Amino acid sequence: MNTVWVFGDQLNRHIGALAHAEPARDRVLMVEAVQQIASKRYHRQRLHLVLAAMRRLASELATAGFEVDYRRAPTLLDGLAAHRAEHRPDRVVATEPLSWGLRRMLERVDVEMVRSNQFLCHPEEFASWAGATGRFRLEEFYRWQRQRLGYLMDGDQPAGGRWNFDAENRQRPPRDGRNWPAPVRSQLDDLDQAVLADLPTSAFGADPIGLWATSRRAALARLRGFIEEVLPGFGPYEDAMLRSDSDLLSGTNRWRLSHSMLSHALNIGLLLPGEVCDAVEDAYRAGHVPVASAEGFLRQVIGWREYVWNLYWRWMPDWRTMNELDARRPLPPAFLGAPTHMRCVAETIAGIDDRAWVHHIQRLMVLANLAMLAGVSPQAVARWMAASFVDGSEWVMVPNVVGMAMWADGGRVATKPYAAGGAYINRMSDYCGSCAYDPKQRTGPSACPFSTLYWDFIARHADRFEANHRMRQPLHTLRRLPDLAEVRTRAEEVLHLLDEGRL
Ligand code: SF4
């Protein structure tokens, strides 16, 4: 018999090697790598998601007639060795994995790989689109995807007459105290409790409350809920940030706004991007969803998500170690649970602790922005985010953190650093009104740390940014700052307080 080895981010009967497997010919191998799981400080909800979804798929496959060898072993390699010793399979086959390191490992241990259908654009297709020059842009890739996949197209023209509805989709947070869509939830069962009992003591964060799908059926329920209740309002407030209520499950769901909360299911394979996009297309054609909302969401799935996935394979392994700004500061204690007076950071970290998820602007413009301004190691931030978020993994975090958010690749992904002071956070959130700091001040004890560090960051790297025409305006303003010396003195104090966990 052959063995089909299924990993914890490929948990779908319709993916790659498993799609073609038959109980009479193929045995399934799944391995919980206990030592690897305990080696990092993972969020409990991240570990629970993956392990519960693995165990549920194993049970479903057994019900479908497969012999499933489900192992707990120190490492993946230990699990494979034990499986081979016990079952002596003719061949071991896996779907192309989602991590560069795992792919290299499979090549070393003679595991055959089947082409993955987990993304709509395979790296081979991306390579032929990008051509030999390697000169490509996200917007061009996105339009190519729209055209070749046929999403939101009226003939050869974009639906609604435009490719891009960002202008409608970047609004400030509403102040009307409205309620936001309630997330679909699952009841935890005996399998969930068994998984929680097995989690290592190194794991942190609150226990799950059923927000995250751990089966295909639960993931499809969340997709339906998103299409019917959330997508019509997706878009206008996708960059807005609101303070949470003290009760996570109150009716307001301010922490959720109109985000899909589907990334966890997509990133472990419970949902496939094509079926998500098909559902969006159908809802738009049925007149259920405005074109700006449908376009804003599709842009994230077939544009950015597929773009960074392909860049990951194109630029690994050197991409993950790049540190263009020579940022070496360790993670701030505030990221690891120390109390902080910065309301935006406190809200975001509390959200991570509660549910292992905050949306992209909280990740990009609060956490990664502060880390970049302060000179925190991009590798430390990427590792921390990959372990802390329910949808985290290396292929997500290297492009988004090392590339886009912290500009550690010197502009491969983002033409200029996504650096912002307190004014941006004040405009796009309701955080600053209840903060101990003042976003309009950059010096003195009440100055917003983001505002102080922003100008210190620009000054610190002024020589490097000189050649970047997109940095001309901030450099011009920097030279006219009347209080730059005071700003830089205050920045030293801010960085000291940040390191001490007293900011
Ligand atoms: Fe964050 Fe500064 Fe606003 Fe406080 S004032 S919430 S630190 S941006």
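The values are calculated or read from the model by the stated rules, or taken from the named source; none is laboratory data. What you are looking at is a predicted structure, and each value in this text was computed from that prediction instead of being measured. Quick reminder, even Gly has a Cβ in these numbers, built from the backbone with ideal geometry, and neighbours come from all protein chains shown.
The single condition among (1) more than 16 Å from the ligand (Cβ to nearest atom); (2) within 25 Å of Ala374 (Cα to Cα) that Leu298 does not satisfy is (2). Within the stretch 432-448, residues that are basic (Lys, Arg) sit with their Cβ atoms under 7 Å from residues that are within 9 Å of the ligand (Cβ to nearest atom), at 6+ positions apart or across chains, in these pairs: Arg442/Ser451. Summed over the stretch 467-493, residues that are outside any helix (DSSP H, G or I), within 14 Å of Gly444 (Cβ to Cβ) and free of Cβ contacts under 8 Å to residues at least 40 places away in the same chain total 0. Restricting attention to the stretch 442-449, does a residue exist that is touching a strand residue (DSSP E or B) at 6+ places or on another chain (Cβ under 8 Å), surrounded by 20 or more Cβ atoms within 10 Å (Cβ to Cβ) and in a loop (DSSP other than H, G, I, E, B)? Checked against the condition, which is being touching a strand residue (DSSP E or B) at 6+ places or on another chain (Cβ under 8 Å), surrounded by 20 or more Cβ atoms within 10 Å (Cβ to Cβ) and in a loop (DSSP other than H, G, I, E, B), the stretch 442-449 yields at least one hit. Out of all the residues in the stretch 402-439, which are away from the ligand (no atom under 16 Å from the Cβ) and either at positive phi or part of a loop (DSSP other than H, G, I, E, B) (or both)? The answer is Met406, Trp407, Ala408, Asp409, Gly410, Gly411, Arg412, Val413, Ala414, Thr415, Lys416, Pro417.
Tell me which residues, restricted to the stretch 70-102, are in contact with a helix residue (DSSP H, G or I) (Cβ under 9 Å, 6 or more places away or on another chain) and of a type in the set (D, E, K, R). Spell out the reasoning first.
The first filter runs over the stretch 70-102 and keeps only residues in contact with a helix residue (DSSP H, G or I) (Cβ under 9 Å, 6 or more places away or on another chain), leaving 70-78, 89, 92-102.
Arg71, Arg72, Asp78, Glu96 - these are the residues of the stretch 70-102 that are in contact with a helix residue (DSSP H, G or I) (Cβ under 9 Å, 6 or more places away or on another chain) and of a type in the set (D, E, K, R).
Per-residue answers, yes or no, for (1) basic (Lys, Arg); (2) under 26 Å from Val280 (Cβ atoms); (3) in contact with a strand residue (DSSP E or B) (Cβ under 8 Å, 6 or more places away or on another chain); (4) exposed (fewer than 14 other Cβ atoms within 10 Å of the Cβ):
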| position | (1), (2), (3), (4) |
| --- | --- |
| Leu76 | no, no, yes, no |
| Leu80 | no, no, yes, no |
| Arg84 | yes, no, yes, no |
| His87 | no, no, yes, no |
| Arg108 | yes, no, no, yes |
| Ser128 | no, no, no, yes |
| Glu139 | no, yes, no, yes |
| Gly150 | no, yes, no, yes |
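Based on this model, can you work out whether Val92 counts as modelled with pLDDT of 95 or more, farther than 25 Å from Val280 by Cβ, hydrophobic (A, V, I, L, M, F, W, C) and touching a Leu at 6+ places or on another chain (Cβ under 8 Å)? The answer is yes for Val92. Answer yes if at least one residue in the stretch 321-344 is under 19 Å from the mean Cα position of the chain (by Cα), more than 18 Å from His43 (Cα to Cα), modelled with pLDDT of 95 or more and surrounded by fewer than 18 Cβ atoms within 10 Å (Cβ to Cβ), and no otherwise. Yes, the stretch 321-344 contains at least one residue that is under 19 Å from the mean Cα position of the chain (by Cα), more than 18 Å from His43 (Cα to Cα), modelled with pLDDT of 95 or more and surrounded by fewer than 18 Cβ atoms within 10 Å (Cβ to Cβ). Whether any residue in the stretch 372-380 is in contact (Cβ under 8 Å) with a residue 24 or more places away in the chain and within 13 Å of the ligand (Cβ to nearest atom) is what I want to check. Within the stretch 372-380, one or more residues are in contact (Cβ under 8 Å) with a residue 24 or more places away in the chain and within 13 Å of the ligand (Cβ to nearest atom). If you go through the stretch 203-224 and keep only what is among the β-branched types (Val, Ile, Thr) and closer than 14 Å to Trp357 by Cβ, you end up with just Ile209.
For the stretch 440-452, which positions are more than 10 Å from the ligand (Cβ to nearest atom) and on the phi < 0 side of the Ramachandran plot? Even if it seems obvious, please write down each step before you answer.
Applying the first criterion (more than 10 Å from the ligand (Cβ to nearest atom)) to the stretch 440-452 yields 442-445.
Passing the criteria: Arg442, Thr443, Pro445.
Give the number of residues within the stretch 152-164 that are assigned to a helix (DSSP H, G or I) and surrounded by 15 or more Cβ atoms within 10 Å (Cβ to Cβ). Looking only at that region, the number is 2. Scan the stretch 369-380 residue by residue and report those that are surrounded by 22 or more Cβ atoms within 10 Å (Cβ to Cβ) and within 22 Å of Arg314 (Cβ to Cβ). Answer for the stretch 369-380, where residues must be surrounded by 22 or more Cβ atoms within 10 Å (Cβ to Cβ) and within 22 Å of Arg314 (Cβ to Cβ): just Pro378.
Looking at the stretch 426-436, can you tell me whether even one residue there is within 20 Å of Leu484 (Cα to Cα) and of a type in the set (Asp, Glu)? Outline the logic, then answer.
Residues of the stretch 426-436 that are within 20 Å of Leu484 (Cα to Cα), as a first pass: none.
Taking every residue of the stretch 426-436 in turn, none turns out to be within 20 Å of Leu484 (Cα to Cα) and of a type in the set (Asp, Glu).
Within the set Ala279, Ala334, Ala240, the sole residue that is of a type in the set (A, V, I, L, M), out of contact with any Pro (no Cβ under 8 Å at 6 or more places or on another chain), closer than 20 Å to Val358 by Cα and in contact (Cβ under 8 Å) with a residue 12 or more places away in the chain turns out to be Ala334. Note on the stretch 281-303: residues that are surrounded by 22 or more Cβ atoms within 10 Å (Cβ to Cβ), over 12 Å from Leu149 (Cβ atoms) and hydrophobic (A, V, I, L, M, F, W, C) total 3.
Looking at this structure, is Arg460 more than 22 Å from Leu498 (Cβ to Cβ) and either among the basic types (Lys, Arg) or modelled with pLDDT of 95 or more (or both)? Don't jump to the end; show me each part of the working.
Numbers: more than 22 Å from Leu498 (Cβ to Cβ): no; either among the basic types (Lys, Arg) or modelled with pLDDT of 95 or more (or both): yes.
Taking the combined requirement at face value, the residue does not satisfy it.
There is no residue in the stretch 349-357 that is closer than 24 Å to Trp100 by Cβ and among the charged types (D, E, K, R).
Consider the stretch 348-360 and keep the residues that are assigned to a helix (DSSP H, G or I) and crowded, with 23+ Cβ neighbours inside 10 Å. The one that is farthest from the ligand (Cβ to nearest atom) is Arg355. What pairs come up if the first residue lies in the stretch 389-418 and is under 27 Å from Ile268 (Cα atoms), the second is hydroxyl-bearing (Ser, Thr, Tyr) and assigned to a helix (DSSP H, G or I), and their beta carbons are under 7 Å apart, counting only those six or more places apart or on different chains? Pairs found: Asp391/Ser263; Trp395/Tyr312; Val398/Tyr312; Pro399/Tyr312.
Note on the stretch 453-473: among residues that are under 17 Å from Gly410 (Cβ atoms) and of a type in the set (A, V, I, L, M, F, W, C), the one that is farthest from the ligand (Cβ to nearest atom) is Ala467.
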